[in-house]
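The values are calculated or read from the model by the stated rules, or taken from the named source; none is laboratory data. Every value quoted in this text rests on a predicted model; they were computed, and no experiment measured them. With ideal geometry, Cβ positions are generated from the backbone for all residues, glycine too; neighbour counts draw on all protein chains shown. Protein only, heavy atoms only, side chains kept; ligands, DNA and RNA dropped before computing areas. Shrake-Rupley method; radii C 1.70, N 1.55, O 1.52, S 1.80 Å.
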Amino acid sequence: MSRRRLLAISLLTAVNVFLASAFCAGAPGATEAVPEPETHFGFRPGADGMLFDYEEMIAYLRILDGASPRLELREAGRSPMGRPIYIAFISSESNIGRLDELKEMNRMLALDTRIPVEKLAVFLDNGPVSLLATLSMHSSEVGPSQSAPLIAWDLATTTDPEKLEWLSDVVFMMVPCHNPDGMDMVVEHYRKYKGTKYEGSSLPGVYHKYVGHDNNRDFVTLSQEDTRAISAIYSRDWFPQVMVEKHQMGSSGVRYFVPPNHDPIAENVDAGIWNWAGVFGSGLIKDMTRDGCAGVAQRYMFDDYWPGSTETCIWKNVIGFLTECASAQVARPVYIEPGELSVHGKGLSEYKKSTNMPDPWDGGWWRLSDIVDFEISSTMSILKTASMHRREILSFRNEICRREVEKGSTMPPFYYILPSESGRQHDMSELAELVDLLALHGVKLFRAGADGVTKGGEIYRKGDFVIPLAQPFRAFIKEVMEAQVYPVRRYTPGGEVIKPYDIASWSLPLHRGVVSLEIMTRETAIESDWVAVDGFGKETTGRPAGATTAVFRAGNNESFKAAFMAMGVGLDVRRFGGGEAEGGSGVETGSFIVSAPEKSAGAFDRLIDALKIAPEFITERGAIESVIGASRKIGIPRIGLIETHQHDMDAGWTRYLFDSYGIPFTAVAPDKLADMKIAGNYDVIIIPDTDRDILMTGKMKRGDEYFSGGYPPEYVKGMEKKGLGNLLAFVDGGGTVISWGRSTALFMGELTIEGGKNGSEYFNLPVSDISDRLAGEGLYCPGSLVRIVLARDHSLTLGMGEEAGVFYRGRPVLRTSTPYFDMDRRVIASFPEKDILLSGYAENMEKCGKSPAMAWIKKGEGRIILFGFNPQFRASTGGCYKLLFNSILMPGTE
């Protein structure tokens with residue numbers, strides 16, 4: 001850090017302390033002394049080796065709330081572990097006194113196309129901009145949250161006329177920590193190892209109840225409570241005009257990223273959003289450079305074509321962007337040699353002075369205090385820009401609302417229609433989930449009032465769900481309802497394609513297996529009698545008197561949830577096996593038959609009430625006996641879920657899915673397999689998408705070198721050869737292993753079971769992975785939805801259709817072979833020969849044509865079920881959940 005900058009910061013701090021003391025002593029509206037953060041915490045936030053946890057931070061903000069009329073703390077929701085999530089509203093005393101009035105103003109600007117001219121003029125003349133900032137959703141990125149008390153104290157106590165003007169023009173809505181659970185986990189871990197060689201080490205596991213870093217991939221699916229809380233702020237409650245999410249990145253590159261983003265950008269988002277992000281970015285790079293913050297870059301690395309992050313708000317007309325600061329080792333300083341500084345090609349090809357980084361950082365010590373200072377500088381710049389453009393920003397918000405409604409009224413598509421009958425939807429429960437999710441996003445929904453046929457020939461029925469695009473969130477609706485086509489951009493004309501930063505498909509209907517009709521003509525007949533709804537509602541109306549048996553259709557995901565819940569409370573659950581059953585000819589093979597004696601009626605009623613889709617009740621005794629006679633009794637197997645210590649997000653998503661469906665399991669670290677009597681504890685072992693080397697050694701491998709990932713040694717352990725052999729012996733003796741994605745590599749090549757009845761056994765399973773060869777031939781799939789064809793009349797495909805869309809990343813590509821000895825194989829799903837890509841982006845996908853996408857492998861008395869795709873990807877692929885559930889419930893004799 002330069003001496004000039006250190007001197008400027010020291011002088012600024014001294015002036016602020018003096019002015020704040022004067023404020024606390026006698027400023028109008030001051031109720032009591034406002035302690036400085038350094039006085040309260042015993043250290044200046046950002047000091048080497050020092051961190052406060054979530055509760056300590058909130059306690060301080062509560063003090064500010066009680067002491068300053070410029071700050072009000074309000075709860076916005078709860079974290080997955082039950083901690084409150086707060087918004088700290090910071091503004092002038094006048095604005096804080098009328099927050100609810102401003103909330104209504106924001107709502108009208110965001111959603112009302114017919115604000116009277118006089119009222120709009122009042123809003124533009126007198127209304128402040130609402131600026132939302134969400135801090136440290138990725139909890140190892142501690143700097144933004146550690147800066148929050150300093151920013152809050154400064155704004156709550158300042159007498160600086162310029163800042164007071166900002167506060168008059170802006171309501172700063174600071175979420176001091178987006179992920180309270182993770183913040184406490186990271187701080188606790190740091191404190192545990194502070195003063196040891198492992199200070200600043202990586203937290204073992206995910207810094208969240210379930211999903212870790214992927215909480216910034218959940219803003220379409222909204223599966224997690226914290227993402228739902230944050231999304232509600234801009235989708236349904238406060239409707240801020242501007243939003244910034246604050247992150248950190250690696251230590252050895254640029255110091256700070258500000259907008260605008262690199263290409264590609266989302267084509268459904270209005271040009272004005274991108275232009276305004278550029279205005280804020282221009283202010284940021286100018287102001288931060290002036291403040292002595294070297295190494296600020298823009299148009300670098302981070303594209304903005306995909307929704308899923310907090311910036312999903314831009315599809316809802318919020319001027320949204322992110323910042324990224326270089327990291328220390330949590331609160332431990334790092335020294336960066338000049339020769340270690342590097343960049344990665346998108347926007348910067350060399351770490352040199354350039355248009356996108358006009359003032360490079362030279363290297364040296366990098367501390368948490370530097371991050372905090374950069375966060376303070378960037379926050380003040382964003383406030384300043386919002387204040388400077390207050391009237392224009394407020395006007396823009398209502399202009400884009402009117403513009404999007406006009407587009408939806410004059411440009412196709414005009415509607416999406418979701419058929420609402422089981423004969424036209426394969427999975428009614430996924431339809432219900434989709435409709436309720438759209439409502440959660442603030443989308444206006446209707447049900448058709450009559451049958452009809454569109455000008456394009458699409459048939460719709462009374463009660464079908466209709467989503468018009470003539471509404472303010474048109475860009476979001478179109479983005480999540482259509483099939484994705486990746487916006488291909490190149491570094492040079494005809495040159496290399498700029499590859500996606502993250503995934504390339506997120507279509508809600510396609511991912512969930514829901515039929516959606518895209519209507520390309522304006523249909524006034526639909527609009528004339530449709531009825532507004534706020535969600536799917538519930539089909540279930542309770543159990544008919546005396547009914548003790550219900551049939552839950554195999555085609556509905558919710559039926560599996562009902563079955564697991566019923567087994568969990570001790571009800572009798574059977575699975576219908578097909579054949580002729582008197583009175584049950586309409587029962588789909590694989591459906592669940594749940595029976596409850598009168599003494600269990602309460603549990604049965606609670607089960608029915610928890611569901612959205614009504615089962616079919618059978619009351620005639622002969623029909624009940626016939627259906628039960630054609631069914632087999634099932635129970636919940638003992639499940640061991642392999643979860644590594646290395647921020648295992650896919651295992652976390654699996655835990656979330658299982659908890660959501662009432663599936664009991666035990667998380668098992670890979671190193672525990674070596675000495676475990678697996679068969680004595682588990683019937684099924686599940687290994688999610690995890691790198692083979694991490695599973696085997698606890699380390700990441702790059703080329704020929706292994707890396708511990710910065711974890712303390714007690715967490716750098718894998719199953720090793722002994723654990724894998726023990727796992728294979730478990731299968732050989734009758735156990736089931738379910739594996740997908742990268743973890744399938746465990747079962748490729750020569751394998752060994754040590755110490756069997758006939759000594760050590762060496763063998764190759766009749767399956768291999770040919771993805772490396774195909775990648776060398778040009779296969780590339782960064783994460784897209786692809787089509788698979790399913791085997792019929794197999795227990796693993798019960799409840800599925802003939803085809804499905806699955807989320808795929810281009811590996812593995814399975815190939816089966818003729819088995820030997822006590823092995824066998826069956827292809828459960830395969831890629832079609834052509835037309836494989838359903839949504840997203842892929843190159844040379846036809847090279848996968850006719851290859852297995854899912855295989856059942858027999859070894860000895862047991863089986864291994866291999867998925868080439870992720871069957872539960874980020875809780876967003878409900879269209880293929882049943883393949884995973886069927887694998888768990890597969891009879892042991894198959």
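For region 265-351, what is the convex hull volume of the alpha-carbon atoms per residue, in Å³? List each step's numbers first, then the result.
Details: hull volume 11.4 nm³, N = 87.
Taking the convex hull of the Cα positions in region 265-351, it is 131 Å³ per residue.
Quick one: Cα convex hull volume of region 745-819, Å³ per residue?
Working: hull volume 10.9 nm³, N = 75.
Each residue corresponds to 146 Å³ of Cα convex hull volume.
Taking region 761-852, which GluC sites (Glu not before Pro) meet the DSSP loop condition and have no more than 15 other C-beta atoms within 10 Å? Provide the component values of the computation, followed by the final result.
Details: sites: Glu761, Glu777, Glu802, Glu803, Glu833, Glu843, Glu846; in loops: Glu777, Glu802, Glu833.
Hits after loop and neighbour filter: Glu777, Glu802, Glu833.
Here region 108-147 exposes an accessible surface that is 56 percent carbon and sulfur, computed with a 1.4 Å probe and the other protein chains kept in place.
Rounded to the nearest 20, the Cβ-based charge dipole of the chain about its Cα centre (Lys and Arg +1, Asp and Glu -1) stands at 740 debye.
Along each principal axis, taking the top coordinate minus the bottom one, the Cα set of region 316-368 gives 41, 28, 17 Å in descending order. Here Lys352 is the anchor, and the lysines within straight C-alpha reach of less than 26 Å, apart from those fewer than 8 places off in the same chain, are Lys246, Lys286, Lys499. Taking the centroid of alpha carbons for each part, region 290-326 and region 358-401 are 10 Å apart. Three principal axis extents describe the C-alpha atoms of region 822-868; from largest down they are 40, 16, 13 Å.
Carbon-plus-sulfur accessible fraction, region 752-894 (probe radius 1.4 Å, protein heavy atoms only): 45%. Computed on protein heavy atoms with a 1.4 Å probe, the accessible areas place Leu73, Leu837 in the order Leu837, Leu73, largest first. Within region 422-477, the percentage of alpha carbon pairs spaced more than 17 angstrom apart rounds to 47%.
Residues Asp793, Asp451, ordered by accessible area of protein heavy atoms at a 1.4 angstrom probe radius and largest first, appear as Asp793, Asp451. Counting every alpha-carbon pair across region 346-409, the share separated by more than 20 Å comes to 62%.
Taking a straight line from the alpha carbon of Lys103, these lysines sit under 21 Å away, with near neighbours fewer than eight places off in the same chain left out: Lys119, Lys316, Lys444. For the pair region 69-106 / region 721-779, the C-alpha centres are spaced 54 Å from each other.
Given a 1.4 Å probe, how much area per residue of region 785-894 is accessible, in Å²? Mind showing how you got there, number by number?
Values: 3910 Å² over 110 residues.
With the other protein chains kept in place, region 785-894 gives 36 Å² per residue.
For region 94-197, just list the percent of Cα-Cα distances falling in each 10 Å bin from zero outward, please. Per 10 Å bin, starting at zero, the Cα-Cα P(r) for region 94-197 comes out as 13, 31, 26, 19, 8, 3, 1 percent. Surface listing: Lys699, Lys677 arranged by accessible area from highest to lowest gives Lys677, Lys699, probe 1.4 Å.
Principal axis extents of the C-alpha atoms in region 584-701 (largest first, rounded to whole Å): 62, 29, 29.
Go through region 234-340 and name the GluC sites (Glu not before Pro) that are in a DSSP coil and have 12 or fewer other Cβ atoms within 10 Å of their Cβ. Walk me through the numbers on the way to the answer.
Values: sites: Glu245, Glu267, Glu311, Glu324, Glu340; in loops: Glu267.
Loop-located and lightly packed - Glu267.
A 1.4 Å probe run over the protein chains yields, for region 505-646, 43 Å² of accessible area per residue, whole-number rounding.
To the nearest 500 deg cm²/dmol, what mean residue ellipticity at 222 nm is calculated for the chain from DSSP H runs of n ≥ 4 alone, each contributing -39,500 (n - 2.57), summed and divided by the residues?
Values: 26 runs with 291 residues, N = 894.
Only helices count here, giving -10000 deg cm²/dmol.
Per the Debye formula on identical point scatterers at the alpha carbon atoms of region 712-782, with no solvent, log10 I(q)/I(0) at q = 0.17, 0.25, 0.27, 0.28 Å⁻¹ is -0.79, -1.19, -1.30, -1.36. Atom-type composition of the exposed protein surface of region 532-571 places 50 percent of the accessible area on carbon and sulfur (1.4 angstrom probe). Spatially, region 170-212 and region 623-650 are offset by 34 Å when compared through their Cα centroids.
Is there a quick way to get the dipole size of region 794-894? I mean about its Cα centre, with the Cβ of Lys and Arg at +1 and of Asp and Glu at -1; what is the value in debye to the nearest 20? Spell out each step's value before the answer.
Values: 13 positive and 10 negative charges, 57 e Å.
Taking the Cα centre of region 794-894 as origin, the dipole is about 280 debye.
Of all beta bridges that DSSP places with both ends in the chain, some 70 percent have antiparallel geometry. I need the Debye-formula profile for region 523-645: one equal scatterer per C-alpha, no solvent, reported as log10 I(q)/I(0) at q = 0.20 1/Å, two decimals. Log10 of I(q)/I(0), two decimals: -1.08.
Looking only at Cα atoms, what is the convex hull volume of region 151-307 per residue, in Å³? Walk me through the intermediate numbers first.
On the way: hull volume 27.1 nm³, N = 157.
Expressed per residue, the convex hull around the Cα atoms of region 151-307 is 172 Å³.
What is the gain in length, in nm to one decimal, between Ser817 and Glu392 on full extension, counting 0.36 nm per residue of separation less the C-alpha to C-alpha distance?
Details: separation 425, 0.36 × 425 = 153.00 nm, distance 6.60 nm.
Length difference between fully extended and current span is 146.4 nm.
With only Cα atoms counted, region 127-170 has Rg and Dmax values of 12.7, 37 Å.
Summed over all non-identical Cα pairs, the Kirkwood treatment of the chain gives a radius of 29.5 Å. For a straight C-alpha distance cut-off of 24 angstrom, the lysines reachable from Lys722 (same-chain residues fewer than eight places away being disregarded) are Lys672, Lys677, Lys699, Lys701, Lys757, Lys858, Lys859. Summarised as an ellipsoid, region 428-575 has semi-axes of 36, 25, 13 Å, derived from the eigenvalues of the Cα gyration tensor scaled by 5 and square-rooted, with the largest first.
Spin-label pair Glu833-Leu164: with each label point 7 Å from Cα along the Cα-Cβ axis, the two points sit 7.9 nm from one another.
Can you run the Rg to Rh ratio on region 662-748? Use alpha carbon positions and the Kirkwood inverse-distance Rh. Present the calculation step by step, with values, prior to reporting the outcome.
Values: Rg = 13.2 Å, Rh = 13.6 Å.
Radius of gyration over Kirkwood radius for region 662-748 works out to 0.98.
Taking all Cα-Cα distances within region 767-894, those exceeding 26 Å account for 19%.
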